[in-house]
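Q: The structure is given below, and queries will be raised subsequently.
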Amino acid sequence: MYVGCLISDIKQIKTNQRSMKKLFLLDGMALIYRAHFALSKTPRFTSGGLNTSAVMGFTNTLLEVLRKEKPSHMAVVFDTEAPTERHTEFADYKGHREAMPEDLSKALPYIFKVVLGFNIPVITSDGFEADDIIGTLAKKAEQKGYQVYCMTPDKDFAQLVSDNIFIYKPARMGNDMEILGVKEVLAKWEIERVEQVIDILGLWGDAVDNIPGIPGIGEKTAKSLIKTYGSMENIIAHSHELKGKQRENVEAFAEQGLLSKRLATINLNAPVELDEAGLEMCDPNRELLEPLFAELEFRTLGRRVFGDGSSITEIKNVSIQHDLFSSPQSQEGTTTMTVDVTDIYEEPAGPLQNISNTEHQYHLADTFEKRAELIKLLSAQKSICFDTETTGTDANQCDLVGLSFSIKKGQAWYVPVPKNCDEIQPIVDEFKELFENPAIGKIGQNIKFDMLVLKYYNVTIQGELFDTMLAHYIIDPDTRHGMDVLAENYLGYSPVSITELIGAKGKNQGTMRDVEIEKIKDYAAEDADITLQLKEIFEPKLEQVGGTVLATDIENPLVYVLADIEFEGVRIDHDTLKEFSKELETEIGKLEKTVYEKAGVRFNIASPKQLGEVLFEKLKLDEKAKKTKTGQYQTGEDVLLALANKSDIVRDILDFRQMQKLKSTYVDALPLMVNPKTGRVHTSYNQAVAATGRLSSNNPNLQNIPIRTERGREVRKAFIPRNEDHVIMSADYSQIELRIIAEISKDANMMEAFVQGVDIHTATAAKVYGKTLDEVDGTMRRNAKAVNFGIIYGQSAFGLSQNLNIPRKEAADIIEQYFAQYPGIKNYMNDTMHFARQNGYVQTLMGRRRYLRDINSANQTVRGYAERNAINAPIQGSAADMIKIAMINIHREFKAHKFDSRMTMQVHDELVFDVHKSEIEMVKPIILDNMRNAIKTVVPIVVEIGMGNNWLEAH
DNA sequence: GTAAACACGC
DNA sequence: GACGTACGTGTTTACA
């Protein structure tokens with residue numbers, strides 16, 4: 001009845017004030033499938049077919065667009081029948097896509113117009129693909145001066161992008177919406193012209209689902225072929241230039257490829273007119289809709305339609321929030337960030353520059369005289385920018401190829417070194433004094449690498465550092481920090497690509513050493529030049545984001561510490577590992593046998609696919625076993641544990657998995673990582689990947705060596721001191737993250753627990769369950785511990801219930817109690833969230849910022865992700881700051897004392913040292929003091945320290 | 001070569 | 001009432 005009323009009464013209010021005509025074209029089916037797919041990934045929503053949730057998902061996306069982008073014109077296009085005429089050319093395609101359900105085609109305009117009060121035309125595409133209709137409309141609108149945004153899967157659509165046509169990608173998990181223009185499309189596809197997208201799609205055969213292109217040509221190959229030949233037709237014409245199987249395939253399947261291309265091409269002559277007046281948007285009729293929504297209790301919908309300022313919002317959400325982090329939605333009403341996070345980027349004007357169209361002077365310093373002149377010039381500088389070229393990316397095993405330097409924009413030098421190893425050293429020696437001069441600052445991109453390379457040539461870099469990679473990591477930790485990306489984003493410059501010199505990645509990749517000197521000169525000199533230019537840009541930006549201190553006092557000095565740790569390496573006990581490997585091998589063999597017997601069939605236990613089939617189809621352990629999104633049975637640890645009581649085969653399988661993992665990832669892999677030059681394992685720490693400020697470790701990853709299980713822990717026995725005069729010393733922060741929460745939040749109860757020195761999880765359990773410390777049992781402590789961790793890692797009630805294997809309700813109750821007992825923490829969370837909404841970022845104790853672009857997103861999922869980060873980043877980040885400061889100070893004191901002892905590993909909250917026995921008593925207080933006092937806190941910081949003949953004993 | 005599933009640490 | 005649940009590294013299998 002109300003609805004009937006509305007239809008007749010809504011008077012569309014046209015808004016004419018909009019200056020730019022903005023047309024949004026939506027592929028309705030694609031969006032609905034997108035929403036549907038998102039749901040079907042979750043096991044709970046496996047019921048097939050389109051359902052109301054999918055349609056709701058679609059509506060939400062639509063509303064987000066309306067609110068954010070405020071289009072002046074809009075249309076939704078649906079395929080009514082598929083396969084279309086064009087697709088019947090290919091038999092396989094038949095029946096692939098479902099037609100739009102008829103009721104949906106009627107429901108949508110109804111939803112738009114009546115329920116939401118917008119007039120959004122729905123266009124059906126009889127006999128044509130929705131893409132064709134959208135494409136045709138887009139072109140026509142572009143000619144009339146519209147800015148056109150196409151919301152479609154971007155793959156096919158990229159070909160259409162021009163100066164006024166964009167691809168609009170709605171928000172997804174972890175990402176807010178995204179707009180792709182010409183620049184982004186070119187970059188993404190690595191091509192010169194957007195039209196070439198269809199050539200790539202044609203070759204690759206990914207144009208339309210299930211339409212094959214040319215066999216054996218994947219995305220990458222397609223791109224590189226297009227880069228060389230420009231178009232598919234050209235490739236076919238020049239197929240004789242190709243080799244082997246590729247040539248055969250191109251020749252044999254040329255026709256199929258062309259067909260694929262034709263199908264990928266968007267038909268711009270669809271019979272559809274651009275009815276400008278008909279597509280014009282109106283605002284929802286507020287006066288009519290608002291009372292209606294209020295009466296029908298469409299609160300959420302109302303909020304979405306009218307924005308946060310709606311009076312409907314004033315009906316306060318009184319339900320208790322059971323999730324750790326979801327705050328009542330937009331409680332504070334519309335918030336605007338005072339800082340526009342997009343400010344940290346500068347949009348470079350015009351097309352990308354490159355080496356061929358910029359002025360530059362790159363010199364080759366390949367004689368003793370030229371080098372001497374260069375060194376004289378460099379030595380007179382306050383700081384120099386440099387870069388090394390090497391034969392590989394592992395600093396511990398590669399050889400130097402050349403050095404490049406820059407001190408002024410557009411000017412750089414390249415110093416090649418001979419191929420013969422013995423002849424390299426004297427040339428490096430010429431530069432030794434320069435590098436080791438502490439009065440000359442060193443600028444570079446990822447200096448740790450260059451530092452390590454040079455260490456092997458007996459050069460110890462000194463002086464203040466400015467690392468452009470780290471600078472950008474501080475400025476904007478969530479994005480990428482590669483030099484090429486930075487150059488494009490900040491300088492509008494596209495550097496010579498390394499693949500141009502040494503070929504694409506893979507076994508056929510050449511090395512720098514084989515490239516002609518002239519080419520390396522340009523490449524290398526350009527790197528130094530760009531790095532210097534980036535430094536000029538980043539220096540003021542650091543200041544702007546309050547990151548100067550973080551850069552000069554923490555990140556840059558830490559480079560020295562990490563380089564030393566990596567150079568030092570860790571000694572591994574081969575015999576222990578070999579023995580352990582054998583032991584595991586026999587155990588695994590035994591387990592295999594029992595599993596085969598119990599299952600009555602031989603299969604690959606390590607294959608989740610086969611295992612799932614055996615467990616659930618043959619043995620039928622669980623009738624309604626969960627499946628993954630690809631249709632396999634889930635066989636993860638928690639799933640198997642739930643089955644443990646049904647058959648003891650499950651226990652064996654879990655044991656098998658554990659041992660297999662131990663053997664392949666650690667026991668057998670570690671000895672292979674030993675550097676033949678040094679006989680030790682040299683991990684590499686990445687200082688710029690984890691957005692929270694933590695380090696990460698790889699080649700090998702020393703930060704995930706087992707400790708939880710008895711057997712896994714054995715691996716740590718193999719980490720030994722360098723000789724019998726040394727011991728391993730390990731120092732760990734106890735509960736550092738929780739102490740930091742207590743410190744930041746100043747929660748009285750939690751601070752008290754730490755001051756008293758009681759076990760924090762027991763204390764928490766006592767509080768949450770209202771018991772005394774003595775009454776807390778194992779389960780209570782375990783639950784409390786899980787909540788404490790949940791806080792640190794940004795978990796929800798759902799995550800907690802999963803972790804503890806308890807009902808959601810129970811998890812929610814525990815969390816509620818937790819917040820009642822630690823009100824300071826609840827306040828901290830609210831304050832942090834508020835700060836993030838206002839400012840667009842959060843920060844650590846040392847001012848390390850994390851920008852949260854999506855904190856005010858209308859999309860729940862996206863915003864939730866940002867909110868969890870808002871809580872989590874200051875905590876993890878402050879802990880990271882703390883240990884980094886400790887590392888720098890300890891390293892400095894070790895140097896000052898000229899100790900023989902070395903720091904050898906960092907595992908987030910633990911530092912490991914190789915200590916000379918005579919120095920134990922001197923080293924210990926230095927480690928303890930510096931770790932405890934890295935950052936001044938009220939909450940006591942506790943460090944536990946241990947020693948032993950291996951890493952396990954040191955705990 | 002790449003994606004998916006899994007498992008390890010914090 | 002919807003939506004998806006920490007991150008980073010590395011292994012294996014499966015598939016094209």
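The values are calculated or read from the model by the stated rules, or taken from the named source; none is laboratory data. Predicted model, so just to flag it, every value in this text is computed and none were measured. Backbone-built Cβ (ideal geometry, glycine too); neighbour counts: all protein chains shown. Each accessible area value is taken on the protein alone, full model and side chains, heavy atoms only, with ligands, DNA and RNA left out. Shrake-Rupley method; radii C 1.70, N 1.55, O 1.52, S 1.80 Å.
Q: Report the residue count in the stretch A:695-734 for those that are in contact (Cβ under 8 Å) with a residue 24 or more places away in the chain and assigned to a helix (DSSP H, G or I).
A: 10
Q: Just wondering, is there one or more residues in the stretch A:546-564 that are under 27 Å from the mean Cα position of the chain (by Cα), outside any helix (DSSP H, G or I) and of a type outside the set (S, T, N, Q)?
A: yes
For (1) of a type in the set (A, V, I, L, M); (2) more than 32 Å from the chain's Cα centre (by Cα); (3) closer than 27 Å to residue A:359 by Cβ, each residue gets a yes or a no:
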residue: A:391; (1), (2), (3): no, no, no
residue: A:399; (1), (2), (3): no, no, no
residue: A:407; (1), (2), (3): yes, yes, yes
residue: A:410; (1), (2), (3): no, yes, yes
residue: A:415; (1), (2), (3): yes, yes, yes
residue: A:418; (1), (2), (3): no, yes, no
residue: A:425; (1), (2), (3): no, yes, no
residue: A:432; (1), (2), (3): no, yes, no
residue: A:439; (1), (2), (3): yes, yes, no
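Q: Tell me, please, whether a residue that is under 27 Å from the mean Cα position of the chain (by Cα) and away from DNA strand B (no atom under 16 Å from the Cβ) can be found in the stretch A:688-703.
A: Yes: the stretch A:688-703 contains one or more residues that are under 27 Å from the mean Cα position of the chain (by Cα) and away from DNA strand B (no atom under 16 Å from the Cβ).
Q: Something else about it: When the residues of the stretch A:662-694 are filtered to those that are assigned to a loop (DSSP other than H, G, I, E, B) and near DNA strand C (Cβ under 9 Å from one of its atoms), which remaining residue is farthest from residue A:395 (Cα to Cα)?
A: A:692
Q: Follow-up question, since we're still on this one. Among the listed residues A:614, A:549, which satisfies the condition of being touching a residue at least 12 places away in the same chain (Cβ under 8 Å) and buried (at least 21 other Cβ atoms within 10 Å of the Cβ)?
A: Among A:614, A:549, only A:614 is touching a residue at least 12 places away in the same chain (Cβ under 8 Å) and buried (at least 21 other Cβ atoms within 10 Å of the Cβ).
Q: Is the stretch A:868-884 home to any residue that is open to solvent by 20 Å² or more (accessible area, probe 1.4 Å), more than 14 Å from DNA strand C (Cβ to nearest atom) and not acidic (Asp, Glu)?
A: No, the stretch A:868-884 contains no residue that is open to solvent by 20 Å² or more (accessible area, probe 1.4 Å), more than 14 Å from DNA strand C (Cβ to nearest atom) and not acidic (Asp, Glu).
Q: Can you tell me which of A:736, A:740, A:707 is open to solvent by 40 Å² or more (accessible area, probe 1.4 Å), at negative phi and within 16 Å of DNA strand C (Cβ to nearest atom)?
A: A:707
Results for (1) within 12 Å of DNA strand C (Cβ to nearest atom); (2) of a type in the set (Asp, Glu), shown as yes or no for each residue.
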residue: A:582; (1), (2): no, no
residue: A:585; (1), (2): no, yes
residue: A:591; (1), (2): no, no
residue: A:594; (1), (2): no, no
residue: A:610; (1), (2): yes, no
residue: A:613; (1), (2): yes, yes
residue: A:631; (1), (2): yes, no
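Q: Just one of (1) in contact with a helix residue (DSSP H, G or I) (Cβ under 6 Å, 6 or more places away or on another chain); (2) of a type outside the set (D, E, K, R); (3) without any contact (Cβ under 8 Å) to a residue 40 or more places away in the chain trips up residue A:866, so point out which.
A: (1)
Q: Return only the number of the condition from (1) open to solvent by less than 20 Å² (accessible area, probe 1.4 Å); (2) in a loop (DSSP other than H, G, I, E, B); (3) away from DNA strand C (no atom under 16 Å from the Cβ) that residue A:524 does not satisfy.
A: Going through the list (1) open to solvent by less than 20 Å² (accessible area, probe 1.4 Å); (2) in a loop (DSSP other than H, G, I, E, B); (3) away from DNA strand C (no atom under 16 Å from the Cβ), residue A:524 breaks only (2).
Q: With the stretch A:735-842 as the region, which helices (runs of 4 or more DSSP H) entirely inside it contain at least 3 residues that are over 29 Å from the mean Cα position of the chain (by Cα) and more than 16 Å from DNA strand B (Cβ to nearest atom)?
A: A:748-756, A:760-769, A:778-793, A:808-821, A:823-839
Q: Could you tell me whether any residue of the stretch A:876-889 is in a loop (DSSP other than H, G, I, E, B), within 30 Å of residue A:710 (Cα to Cα), within 16 Å of DNA strand B (Cβ to nearest atom) and not hydroxyl-bearing (Ser, Thr, Tyr)?
A: no
Q: Can you find even one residue in the stretch A:335-348 that is of a type outside the set (Asp, Glu) and modelled with pLDDT of 95 or more?
A: No, that holds for no residue.
Q: Pairs please, first residue from the stretch A:672-693 and under 14 Å from residue A:469 (Cβ atoms), second anywhere and away from DNA strand B (no atom under 16 Å from the Cβ) and of a type in the set (Phe, Trp, Tyr), Cβ atoms under 8 Å, 6+ apart in sequence or on different chains.
A: Cβ pairs passing all conditions: A:687/A:473; A:688/A:473.
Q: Then there is this: Within the stretch A:565-602, how many residues are assigned to a helix (DSSP H, G or I) and free of Cβ contacts under 8 Å to residues at least 60 places away in the same chain?
A: 13
Q: Inside the stretch A:415-459, can you point out the residues that are farther than 14 Å from residue A:401 by Cβ and acidic (Asp, Glu)?
A: Result: A:422, A:429, A:430, A:433, A:436.
Q: Residue check, residue A:623 against (1) open to solvent by 30 Å² or more (accessible area, probe 1.4 Å); (2) within 12 Å of DNA strand C (Cβ to nearest atom), all met but one. Which one?
A: (2)
Q: Are there any pairs, at least 6 apart or on different chains, whose C-beta atoms fall under 9 Å, with the first in the stretch A:881-909 and aromatic (Phe, Trp, Tyr) and the second away from DNA strand C (no atom under 16 Å from the Cβ) and open to solvent by less than 10 Å² (accessible area, probe 1.4 Å), and if so, which?
A: A:894/A:901; A:894/A:913; A:894/A:923; A:899/A:915; A:899/A:923
Q: Here's something else I'd like to know. Sort out which residues of the stretch A:475-489 are within 18 Å of residue A:546 (Cβ to Cβ) and assigned to a helix (DSSP H, G or I), and write them in order of number.
A: Within the stretch A:475-489, A:475 is the sole residue that qualifies.
Q: Inside the stretch A:497-512, can you point out the residues that are in contact (Cβ under 8 Å) with a residue 60 or more places away in the chain and crowded, with 19+ Cβ neighbours inside 10 Å?
A: Answer for the stretch A:497-512, where residues must be in contact (Cβ under 8 Å) with a residue 60 or more places away in the chain and crowded, with 19+ Cβ neighbours inside 10 Å: just A:512.
Q: Further, regarding this structure: Quick check on the stretch A:402-424: of everything there that is closer than 17 Å to residue A:378 by Cβ and not in a strand (DSSP E or B), which residue is most open to solvent (accessible area, probe 1.4 Å)?
A: Only one residue tops the list, namely A:409.
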